[in-house]
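Below: the structure, in C-alpha cells.
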Amino acid sequence: MIECHKDTAVVILSYNGAKWHELFLPKIVEEAHTGYEVIVADNASTDDTLQYVQTNFPSVKTLQIAVNHGFANGYYEALKQIKAKYFILLSADFEVTEGWFPPLHQAMERDPMLAACQPKIRYWRDRECFEYAGAGGGFMDNYGYLFCRGRIFFDIEKDNSQYEDNIEVFWASGGCLVVRADLYEKVGGLDSDFYAHMEEVDLCWRLKNAGYKIGYIAKSLVYHVGGSVISYGSPQKLYYNFRNNLVLLIKNEKGSKLLWLFPLRLVLDGVAGLRLLLTGNGKQTLTILKAHFHFYRDMGKWLQRRRDIKKLIIRRNEEGIYRRSIVWDYFLLRRKKFTDLQWKPKRLD
C-alpha cells in the first residue's frame with residue numbers, strides 16, 4: 001500500500017510509455033510542489049518503462065501490475081494500492097501546464113458535494129483546439145449519446161475563451177479525472193469490463209445517481225495527445241463505442257425510461273450499421289453486430305451490476321443531461337457548436 005503524505009495522488013497508468021514520460025513527466029514532477037504526489041502504475045509493460053521512470057525520476061513512486069487486462073482494469077488494480085484523499089487519474093500522454101493543479105484542488109475542497117472534476121483539455125497536436133474526448137466537459141443527451149462542450153461529433157472548436165466558467169457536467173474525462181477516493185470506493189470504482197472506453201462516464205453516472213456533482217474547472221489547462229490507448233477511428237474504438245454505450249444505459253438508466261429508450265437505441269444502432277453497409281463500410285457494420293452480440297451474450301452480468309449499484313442510488317442528479325436529441329440537432333438542424341444548442345449548464349460557483 002502506498003500512503004501519500006499529501007492529500008492528492010496523481011496516478012499515471014503506463015504501458016510501454018517511456019516516450020510519453022520523457023516528454024511529460026518532467027513538468028508533472030516540477031508542478032508537484034503545488035500539492036500532490038506522483039505515482040506511475042506500470043500496466044505489465046513489455047519494455048523498460050518502469051526502470052526508466054525509477055532511474056530518471058527518483059521522486060516518483062511506482063507500482064507494478066502483473067497482468068495487463070486493459071486501461072480500466074489497470075486503474076482498478078492500481079488505486080486499490082494507494083491511500084489518498086483525492087485521486088487524479090492522468091493518462092501518460094497528457095502534458096500539464098504551470099498551475100494546472102491548484103484550481104482543481106480548490107474546487108474539490110470548496111464543495112464537498114463535488115465528487116469529481118476535470119480541467120480544460122486541449123489537443124496537443126493542434127494546441128488552439130479542444131481535444132476530442134473531454135474538451136470543455138462531458139454531457140449526455142436524452143437518448144444516451146455523449147458529447148462535449150467544444151466537440152460535438154466531428155466538429156471540434158478552437159478555444160477562444162468561450163468556455164471559461166466552472167460548470168456542472170454529466171461526465172468528466174477519464175484522461176485527467178480528479179475524484180474523491182472515498183466516493184470512488186463507495187460506488188465501486190471503475191468497471192474493468194469496460195476495458196478502455198466510457199468507463200469514466202459509468203463512474204460519473206454512479207456518482208451522480210448517489211446525489212453528487214461532476215464539474216469542469218476552466219482555469220486548469222492540460223493538453224492531450226490522444227489515441228494512444230485505442231486509436232481514433234479504429235475498429236476497436238467503434239466496437240467499444242457501441243457495446244459500452246449499451247452497457248452504460250442498462251447499468252445506470254431509470255427502469256421506466258429504459259422501457260422505451262432501449263428498443264429505440266437498438267433501432268438507431270441498426271440504422272447506423274445499415275448506413276455504413278450502404279456506403280461500402282461492411283467491416284464496420286460487422287463490428288457493430290459483434291458489439292451487440294457480445295452485449296447480449298453478457299446480459300446476465302450487466303443486469304447483476306444494475307442490481308448491485310441500484311442499492312447506491314440516493315438522489316439522481318440529472319444536471320448535464322441535454323433534454324433533446326444531439327443527433328437530430330447536429331445532423332438535421334446543423335447545430336455544430338455547443339453554443340448553437342442555446343442551452344446553458346448550471347454553474348458551480
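We did not get these values from a lab; they are worked out from the coordinates using the rules stated. These numbers come from a predicted model, not from an experiment. Counting neighbours? That spans all protein chains shown, and the Cβs are built from the backbone with ideal geometry, glycine included.
In the range 99-125, what residues are out of contact with any helix residue (DSSP H, G or I) (no Cβ under 6 Å at 6 or more places or on another chain) and assigned to a helix (DSSP H, G or I)?
103, 104, 105, 106, 107, 108, 109, 110
Looking for whichever is under 23 Å from the mean Cα position of the chain (by Cα) and either crowded, with 20+ Cβ neighbours inside 10 Å or not in a loop (DSSP other than H, G, I, E, B) (or both) here; the options are 236, 284. Which one fits? Show your work before the answer.
Details: 284 fails: under 23 Å from the mean Cα position of the chain (by Cα).
Among 236, 284, only 236 is under 23 Å from the mean Cα position of the chain (by Cα) and either crowded, with 20+ Cβ neighbours inside 10 Å or not in a loop (DSSP other than H, G, I, E, B) (or both).
Starting from residues that are buried (at least 18 other Cβ atoms within 10 Å of the Cβ) and free of Cβ contacts under 8 Å to residues at least 60 places away in the same chain, keep the ones in the range 108-145 and report whichever is nearest to the chain's Cα centre (by Cα).
135
The rows are residues; the columns are (1) in contact with a Lys or Arg (Cβ under 9 Å, 6 or more places away or on another chain); (2) more than 29 Å from residue 312 (Cβ to Cβ).
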position	(1), (2)
175	no, no
214	yes, no
219	yes, yes
271	no, yes
284	no, yes
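Of the residues 44, 78, which single one is of a type outside the set (S, T, N, Q) and at positive phi?
On the way: 78 fails: at positive phi.
It is 44.
For the range 49-87: of the residues being charged (D, E, K, R) and in contact with a strand residue (DSSP E or B) (Cβ under 9 Å, 6 or more places away or on another chain), which is surrounded by the fewest Cβ atoms within 10 Å (Cβ to Cβ)?
Pass one, the range 49-87, residues charged (D, E, K, R): 61, 77, 80, 83, 85.
Then drop every residue that is not in contact with a strand residue (DSSP E or B) (Cβ under 9 Å, 6 or more places away or on another chain), which leaves 61, 77, 83, 85.
Numbers: 61: 18, 77: 22, 83: 12, 85: 15.
Here the residue is 83.
Return the residue satisfying two criteria in turn: it lies in the range 146-174 and is surrounded by fewer than 24 Cβ atoms within 10 Å (Cβ to Cβ) and under 14 Å from the mean Cα position of the chain (by Cα), and of such residues it is nearest to residue 126 (Cα to Cα).
Of everything passing the filter in the range 146-174, 147 is nearest to residue 126 (Cα to Cα).
Can you report the number of residues in the range 172-201 which are assigned to a helix (DSSP H, G or I) and either touching a strand residue (DSSP E or B) at 6+ places or on another chain (Cβ under 9 Å) or not hydrophobic (A, V, I, L, M, F, W, C) (or both)?
The first filter runs over the range 172-201 and keeps only residues assigned to a helix (DSSP H, G or I), leaving 181-186, 192-194, 199-201.
Okay, now just the ones that are also either touching a strand residue (DSSP E or B) at 6+ places or on another chain (Cβ under 9 Å) or not hydrophobic (A, V, I, L, M, F, W, C) (or both), so 181-186, 192-193, 199-201.
Counting residues in the range 172-201 that are assigned to a helix (DSSP H, G or I) and either touching a strand residue (DSSP E or B) at 6+ places or on another chain (Cβ under 9 Å) or not hydrophobic (A, V, I, L, M, F, W, C) (or both) gives 11.
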